[in-house]
Amino acid sequence: MDLLAFLNLNELSLGMSKLSMYPLFDIAHYIVSLMALKEQPGAMAVARRSPFACWFSSMLFCFGGAVLSNLLLAEPPVAPLSNDGNVLLASIIWYLVFYCPQDLVYRSAALLPIRLVLSGMKEVTRTWKVLGGVAQAQKHYKDGILVMIAVGWAKGAGGGLISNFEQLARGVWKPETNELLNMSYPTKVTLMGAVLFSLQQCQYLPLQTHHLMFIYTVFLVVNKTSMMLSGSPSWLFSPVEGAAYRVLFAEQPTDLATAATPKAPRAPGRTPSSDTCAAPKQDGRAASESQNGSAASESDGEAPTESETRGEDQTPSGVGGSKKTD
C-alpha cells in the first residue's frame, strides 16, 4: 500500500504479521475472557458449587471460536482441545482467576492500566483468529465468500455466539440474550473484519494481507482503548449503523397504509352539532320555567307574599264604608 510505504510502515506491518500469539497474547486472551465470565451474575456461585462446570464453561469461553468454526466446516469440534499446552495454560489461568487466595489475580488484572494492556493484546489475537478462520474456509471453499465470512466470524467471536450453550453448562437458560438478537461490540467488529479479510483473500480488495492486518489491528486497539477510557458502549460506526438501519430496515409509513388505516369513531356528545346545541338550550329553558312554577306553588302554599299582606292590611275605604252593621 502506497500510504504505508510513504509513512515507512510497510516493514512494521510485515513484522507485526509474523508475531506469534503463543504464549503472551494467548495469556492475555485467556485472562480477559475469564474475567468477563467471572463478572457474570451467578458465575461465582457455580464456581463454588461445581468447579467442573465452571472449568467447562471457561474452556468454551477460551476456545469457543475454534470449536464453532470446526463445527461449521464439519471438522472435529474437539480438535482445538488437542493442544495440551494451550489447554493447560488456560486451565492454570482459570484456577488463578476464580480460586486465587484473596482474589489477588483478578484484582490485579482489574486495575485500569493493566486491563487496558490486556484488552489491547486480546484485540490483537482477534485479528489472527479472523484471518485464520477465513484462510481455513478458503482451503475447503475457494470461491465461497459467504462461507469464508461465516467461518472467520465464528472463529473471531465464537465465545459470544455460543454464549447460550456456555450458559447451559452453568445451569442458566436465557434465550433472550442470544448474540444474534442483540449483537455486542466484539461480534459486530469481528463480522466487519471477516468481511474485509474475505474480500481481500478473494482479490476484491486491493490490499496485501499484512497491510490489512496492520490497519484492522490498529483500529481494534484504538477503538477498544477509547471505549474503555470513556466508558461509552458505542463504537466508531454507531451513527452509520443507526442511519443504515433507519433507511433500510425501519418501518416506513406509506400513504396507502395511512389511507387503509380505519379512523377511530368519535365519542357521542364530544363535538355536538347545532341541533344538539339547540336542544339542551330548550330543555334548560323549560327546566327553568318549571322550577319557577314549582317555586311559586310552594310559596303559595307556605306563606303569603308581600303584596298579599299589604292588600289585607290596606283595605279600600269604599268597600269598608258601604258595609253597614245590622
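The values are calculated or read from the model by the stated rules, or taken from the named source; none is laboratory data. On a predicted model such as this, the values are computed, not experimentally measured, just so you know. Ideal geometry is used to build each Cβ from the backbone, glycine not excepted, and the neighbour counts take in all protein chains shown. In case anyone asks, the SASA skips ligands and DNA or RNA and just uses the protein heavy atoms, side chains included. Shrake-Rupley method; radii C 1.70, N 1.55, O 1.52, S 1.80 Å.
Observations
- Condition broken by GLY85, with the remaining ones in (1) surrounded by 15 or more Cβ atoms within 10 Å (Cβ to Cβ); (2) in contact (Cβ under 8 Å) with a residue 40 or more places away in the chain; (3) more than 27 Å from the chain's Cα centre (by Cα); (4) assigned to a helix (DSSP H, G or I) satisfied: (1)
- Candidates PHE52, PHE56 - the one that is free of Cβ contacts under 8 Å to residues at least 12 places away in the same chain and outside any loop (DSSP other than H, G, I, E, B): PHE52
- A residue that is touching a residue at least 24 places away in the same chain (Cβ under 8 Å), under 28 Å from the mean Cα position of the chain (by Cα) and under 26 Å from GLY231 (Cα atoms) can be found somewhere in region 102-109.
- Residue under evaluation VAL172, criteria (1) among the β-branched types (Val, Ile, Thr); (2) open to solvent by less than 20 Å² (accessible area, probe 1.4 Å); (3) under 22 Å from the mean Cα position of the chain (by Cα), criterion not met: (2)
- Among the candidates THR190, THR125, THR177, residue that is of a type in the set (S, T, N, Q), over 22 Å from PRO23 (Cβ atoms) and at pLDDT 95 or above: THR190
- For region 175-195, a residue qualifies if it is among the hydrophobic types (A, V, I, L, M, F, W, C) and either out of contact with any Phe, Trp or Tyr (no Cβ under 9 Å at 6 or more places or on another chain) or open to solvent by less than 20 Å² (accessible area, probe 1.4 Å) (or both), and the qualifying residues are LEU180, LEU181, MET183, VAL189, ALA194.
- Residues of region 226-240 that turn out to be modelled with pLDDT of 90 or more and either among the charged types (D, E, K, R) or more than 21 Å from LEU118 (Cα to Cα) (or both), as a count: 0
- Note on region 181-204: residues that are farther than 26 Å from LEU14 by Cβ, part of a helix (DSSP H, G or I) and of a type outside the set (A, V, I, L, M, F, W, C) amount to 4.
- Per the listing ALA79, ALA36, ALA74, the residue uniquely open to solvent by 20 Å² or more (accessible area, probe 1.4 Å) and under 27 Å from the mean Cα position of the chain (by Cα) is ALA36.
- Assessment of region 144-166 against the conditions (open to solvent by 30 Å² or more (accessible area, probe 1.4 Å) and farther than 26 Å from MET213 by Cα) yields at least one matching residue.
- Verdict on LEU207 being in a loop (DSSP other than H, G, I, E, B) and either touching a residue at least 60 places away in the same chain (Cβ under 8 Å) or buried (at least 18 other Cβ atoms within 10 Å of the Cβ) (or both): yes
- Count of region 131-177 residues which are among the aromatic types (Phe, Trp, Tyr) and more than 17 Å from ASN70 (Cβ to Cβ): 1
- Any chance SER69 is more than 19 Å from ALA43 (Cβ to Cβ), small (Gly, Ala, Ser) and without any contact (Cβ under 8 Å) to a residue 24 or more places away in the chain: no
- Any hit, region 45-60, residues being closer than 30 Å to GLN208 by Cβ and open to solvent by less than 30 Å² (accessible area, probe 1.4 Å): no
- Filter pass, ALA137 being modelled with pLDDT of 95 or more and surrounded by 22 or more Cβ atoms within 10 Å (Cβ to Cβ): yes
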